[in-house]
1. Using beta carbons and a limit of 7 Å, which pairs, at least six apart or on different chains, have the first residue in the stretch A:73-84 and touching a residue at least 12 places away in the same chain (Cβ under 8 Å) and the second one assigned to a strand (DSSP E or B) and aromatic (Phe, Trp, Tyr)?
2. So which residues in the stretch D:183-217 are within 12 Å of chain C (Cβ to nearest Cβ) and not hydroxyl-bearing (Ser, Thr, Tyr)?
3. Would you check which residues across the stretch B:58-79 are on the phi < 0 side of the Ramachandran plot, among the acidic types (Asp, Glu) and surrounded by 14 or more Cβ atoms within 10 Å (Cβ to Cβ) and list them?
4. Could you please let me know if residue C:151 is buried (at least 22 other Cβ atoms within 10 Å of the Cβ), within 17 Å of residue C:47 (Cα to Cα) and in contact with a Cys (Cβ under 9 Å, 6 or more places away or on another chain)?
5. Find the residue count for the stretch B:246-270, including only residues that are on the phi > 0 side of the Ramachandran plot and facing chain A (nearest Cβ under 7 Å).
6. Search the stretch A:249-299 for residues being among the charged types (D, E, K, R) and part of a loop (DSSP other than H, G, I, E, B), and hand back the single one that is surrounded by the most Cβ atoms within 10 Å (Cβ to Cβ).
7. Among the residues of the stretch A:305-339, which ones are part of a helix (DSSP H, G or I) and touching an Asp or Glu at 6+ places or on another chain (Cβ under 7 Å)?
8. Considering the stretch B:12-69 alone, what residues qualify as being closer than 17 Å to residue B:334 by Cβ and of a type in the set (Lys, Arg)?
4 protein chains.
Amino acid sequence: MSSTYGKLFKISTFGESHGQAVGVVVDGCPAGIPFDAEFIQSELDRRKPGQSRITTQRREADEFQVVSGVFEGKTTGTPIAMLVWNGDQRSKDYSHIAQQFRPSHADFTYQAKYGVRDYRGGGRSSARETVARVAAGALAKLVLKNIGIDIKAYVSQVGKLKLEKSYQELNLALAEENAVRCPDPALAQEMFDYIDETRKKGDSIGGIVDCVVTGTPVGLGEPVFDKLHAELGKAMLSINAVKGFEYGSGFAGVEMYGSEHNDEFFIEDEQVKTKSNHSGGIQGGISNGADIYFRTAFKPVATIMQDQASVDQEGNTVTVSGKGRHDPCVVPRAVPIVEAMAALVLVDFYLRNRATQGLAYEQEEKLEF
Amino acid sequence: MSSTYGKLFKISTFGESHGQAVGVVVDGCPAGIPFDAEFIQSELDRRKPGQSRITTQRREADEFQVVSGVFEGKTTGTPIAMLVWNGDQRSKDYSHIAQQFRPSHADFTYQAKYGVRDYRGGGRSSARETVARVAAGALAKLVLKNIGIDIKAYVSQVGKLKLEKSYQELNLALAEENAVRCPDPALAQEMFDYIDETRKKGDSIGGIVDCVVTGTPVGLGEPVFDKLHAELGKAMLSINAVKGFEYGSGFAGVEMYGSEHNDEFFIEDEQVKTKSNHSGGIQGGISNGADIYFRTAFKPVATIMQDQASVDQEGNTVTVSGKGRHDPCVVPRAVPIVEAMAALVLVDFYLRNRATQGLAYEQEEKLEF
Amino acid sequence: MSSTYGKLFKISTFGESHGQAVGVVVDGCPAGIPFDAEFIQSELDRRKPGQSRITTQRREADEFQVVSGVFEGKTTGTPIAMLVWNGDQRSKDYSHIAQQFRPSHADFTYQAKYGVRDYRGGGRSSARETVARVAAGALAKLVLKNIGIDIKAYVSQVGKLKLEKSYQELNLALAEENAVRCPDPALAQEMFDYIDETRKKGDSIGGIVDCVVTGTPVGLGEPVFDKLHAELGKAMLSINAVKGFEYGSGFAGVEMYGSEHNDEFFIEDEQVKTKSNHSGGIQGGISNGADIYFRTAFKPVATIMQDQASVDQEGNTVTVSGKGRHDPCVVPRAVPIVEAMAALVLVDFYLRNRATQGLAYEQEEKLEF
Amino acid sequence: MSSTYGKLFKISTFGESHGQAVGVVVDGCPAGIPFDAEFIQSELDRRKPGQSRITTQRREADEFQVVSGVFEGKTTGTPIAMLVWNGDQRSKDYSHIAQQFRPSHADFTYQAKYGVRDYRGGGRSSARETVARVAAGALAKLVLKNIGIDIKAYVSQVGKLKLEKSYQELNLALAEENAVRCPDPALAQEMFDYIDETRKKGDSIGGIVDCVVTGTPVGLGEPVFDKLHAELGKAMLSINAVKGFEYGSGFAGVEMYGSEHNDEFFIEDEQVKTKSNHSGGIQGGISNGADIYFRTAFKPVATIMQDQASVDQEGNTVTVSGKGRHDPCVVPRAVPIVEAMAALVLVDFYLRNRATQGLAYEQEEKLEF
């Protein structure tokens, strides 16, 4: 129940970090979508470990296999199952952590909730689960492409290093040209060095991912509980290590007056537009056609290569010693995950909208100028 | 579909701002809960308009009527419908706004999405809908009381006026003793004056509501998509005027090292506890027994008493002139709404947990020291 | 949770038989549908008690009130709440049944499940709950009317009295011209007399309602679990007193050979049609454009005016003595309920279909001859 | 969306008849359940093809692989993915049926709904999908075993050959000792011969599967829409080739008087019991502790080895000639599928019940004698 997301474009993920495979079943993908396997693989490659010195050195090819729902190169409207087999299942000795609760990990809460847990590499609580999200999100992107929706995320902060420019002032395409995925090359280098230094200390550091969605038609999202930004928020907060979410003016908007914050309407090219965009493209929970933008805060990951005090399942005080591979800063690899989750939110609302919108409109009720 | 919330403690709200009534149906409330109507009314009173000079002067008694699901003073396990009739339906002249799109309101997006809208007082997009949430949330609180969960929200920021103390340093009970609902009486007075001044200018200002949940058992929340904080985030972001959400260390946590941020475990009173609480009481999406705390950012509300440029449904440029009643700052009245939504999230996870937790535990697997 | 039905056209019903009101919230009704209140009332009138000597003499006007979601005569896309106040709440003495479990009623199971029950007139287990379904179903019919779907139910059996003709051989419009709602006037009179006789004995008798849906486009229903007939079956079985459901050839189809049962295809008017219709208009769970037909079996209702042996909550042996008003045979009043539930199923699948169907079709893939 | 079943014990199936694999993800299985792989395999073996001369000769070992959610022999509370690879994917020539619509198959409806279909062996509309249900149902049975619920189905009719005895008069264990799965050995032999004869004619024949559930506690099922029998009905009707469902007295109950049909209560062993069981163990949609029994009608399968008239995608009249492997009568292999679906329904209601039942009961409200 907890591994299922979406109302109409519904995904169900499964698989543990060091189990046999991670995978996803997508139920509700429209029929007739060209299944671009190469694109899906390229999205997985953006997320995969070992991309540079500042990401975990776990070796996973992360090649996906599609098991169902695709025929003669197109989706058939039936469930699409995708699997990524875990190549790197070395038969490790986990006895040192099997009984211990690593600080700020999910070890303790899983043990308490379930009475049992797969302690190998964090099991299901590992961010390895997000492989499945990226695969499903790539499929969602293929659907969204048809209608011109484009999603672009990038790193805007690492520790105290902040990108001060807004997305309009940047060439976002540059983000994919460096290991940090920050569209300002000079700052990207600084961030890289800082992360690398943190890595050498065996420590970790947090960061922020910004995301911009362009080409959204007016009308996506639902009033009241399933507001577009509420669902985006939930989707982002469901990603491992996320601590906060804001859209449009966000937390900074708190300090503004309504007379400054309100986005005045005007007409351009026979379309209703807004002079400013503090709304972040969403008004009353529904997209207004302007760019959607939001920011997601990631904490420093809990896995560090330093000794920490903790307890074990018997209640003994223990020292947890980090070993192995870890990401000193998750945001570079989080970029495609943020995009994937955004795509899943948007495609779901797009389909929900199709279900009812325009069903009973008379011509004269449409917004036409 | 969009006015329904919850998986097991499911609520369905209805009603427009200037329609006949707003109400809610709660489906899934356990049987045998003493239905404390007085408490529910007192929660509605905390939200109702006209509480002081700094809230809207709309006159609504907001007295609720329970229509079903309660028998001989107890819930019966069947749907509980609660109604609040709209007393203040003056037959106003709405012609001045019927065709106009007020900046940063939902007028334009509703019109575009539905081809029709109830323009009287914002219809369904009005925060008046939250009456229904507060009634349902009060019922949720009654269920949570049984298991010792307590939820307390308060105002921590208005415009640039910030409460610098953490919740542990404050007497939260003081929050309810002033009109702003800030637990620092001196700062509360400053905030009051500032809001009042803003009101006189016909403007509005944003703010932040903090919330603390104590007494949560270990194990609430679900891994992966339905993480406790993801659902809390969605719930908060679904409240009108909310722009951001963070829990635990939040956005500030981004700048910390993992070695600072990690919450080390220790044993006290035969329970696993954490030395610090950057996790905000939630690890891996699941409550760890520590206090849960989170912050919700509200923008300045869009309704202001100043002239603004806009367009109408025919595409003409118009001037929107604010009139009537408005809240210059929503956070004082948002406090009970934040609590209500938190209660709805927690009761739902509590019931979900009961469904499976402990079903197959053997004695030796329990965490006992 | 259990009083909610539908995925996109979602209804939530509430209210007890002798409580203040019964009602329904419809969430997901498309915007712009002309809200024909007169039609909805006429559907409620078909269900209401006291229509003739053979239905319960409970006096209820069953006039409905719409509380939200309708503006200037049209649906707005927001939740539509409809209420029917219970006029006939005489302050009766229920002490004789408060502790007793009436045979084949839900008294015992409710008490065991909830530990408490509203014993007045069966509370929530009463068929009075179906008032809410008929109101929501009438709204669904208004949506379906737009696309030419028509639903017509009628009584085909009362006790051993069977209508031997198929629906094609009958003038279904005649059903509404007699109190039994059987389209064969002579048989209807026999049924009437038989029910009346049963009533005089203080007994009850079962019956069957047939239903025919015409005008359904090809493609409604979903493969695998949410097959069109599976959902119709669930909907019918959720009506009080229903014991069985069959569609197309039904139970009789068991005795046929495949070579007899298969519906051969042919082309007529550039459409794919079937020579026979043992499939009942549904193949692989999806409508094929032919008439949908199904049959629903109702048991004799449990309320009878005779003494029966039973037990009470303390485990004492007691005699339950029927008094008051009852329907000796439910099928005449069940006809509009069957139609309402069918409408709710169909409108939901229609909206689900709109969400994805045709999204990515290329012209050449369409079925055109 | 359409391949997902269950609210708390949620399954998502995938895979085409002649694709790479069929599989299922179970999300919501409680933690700590011993994962008895041997039992799950034995259930799949009961369903697999080639068991005798009267079932299809398709050769599939149907060995399942568990991919996630199990650790050290126990379920972990995380999603359990199970796969059965399709061994028998001969690269056949499907060109003869690729364009044709086989009578009473889902070919036409899938093509019309999706604009594309996997025509190899029926793709997703094939009963091969039920492999996934049986695997998930076996897991559900493992959960139910803990609480003493036992499910036993058997064949009660093939064509006109009917088992006249009720389940109480039979030794149900005998059902598994013959190829037909009828617990009356002599009748089973007659049925076998009749099916075999039908097979030789290249034809098919229908049948009925009865199912008995013992050991159900009082209180499973929900009032109103999610009645226990409504959900059982949906589950059965979702199985391929099913045309009807009845429980308890079923269609025959229509002809009874209430005074005959009502099940009078009495006390035995300090429990409330019923003298008769026309209710089929369910009153008001909720289990009353008596045996649950229901019957499911299967049509003759559409695949026959005879020439039939039909049309193709271009609208040409064609002759469809059956070839290959088919089940002349599905009921013997449907027995484990009926049981699996019943197990999925019951485990879901069991978990739903745990969520709220007994939460607020005071001692004196319990039913104790």
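The values are calculated or read from the model by the stated rules, or taken from the named source; none is laboratory data. Computed from a predicted structure; not experimentally measured. In this analysis, Cβ positions are derived from the backbone assuming ideal geometry, glycine residues included, and neighbour counts consider all displayed protein chains.
1. That search, which allows pairs on different chains as well, returns A:79/D:14; A:81/D:14; A:82/A:64; A:83/A:64; A:84/A:64.
2. Those that are within 12 Å of chain C (Cβ to nearest Cβ) and not hydroxyl-bearing (Ser, Thr, Tyr): D:195, D:197, D:199, D:201, D:202, D:203, D:205, D:206, D:207, D:208, D:209, D:217.
3. B:60
4. Answer is yes for this residue.
5. Number satisfying all stated conditions: 2.
6. The residue in question is A:299.
7. Hits for the stretch A:305-339 are A:333, A:336.
8. The answer is B:46, B:47, B:48, B:58.
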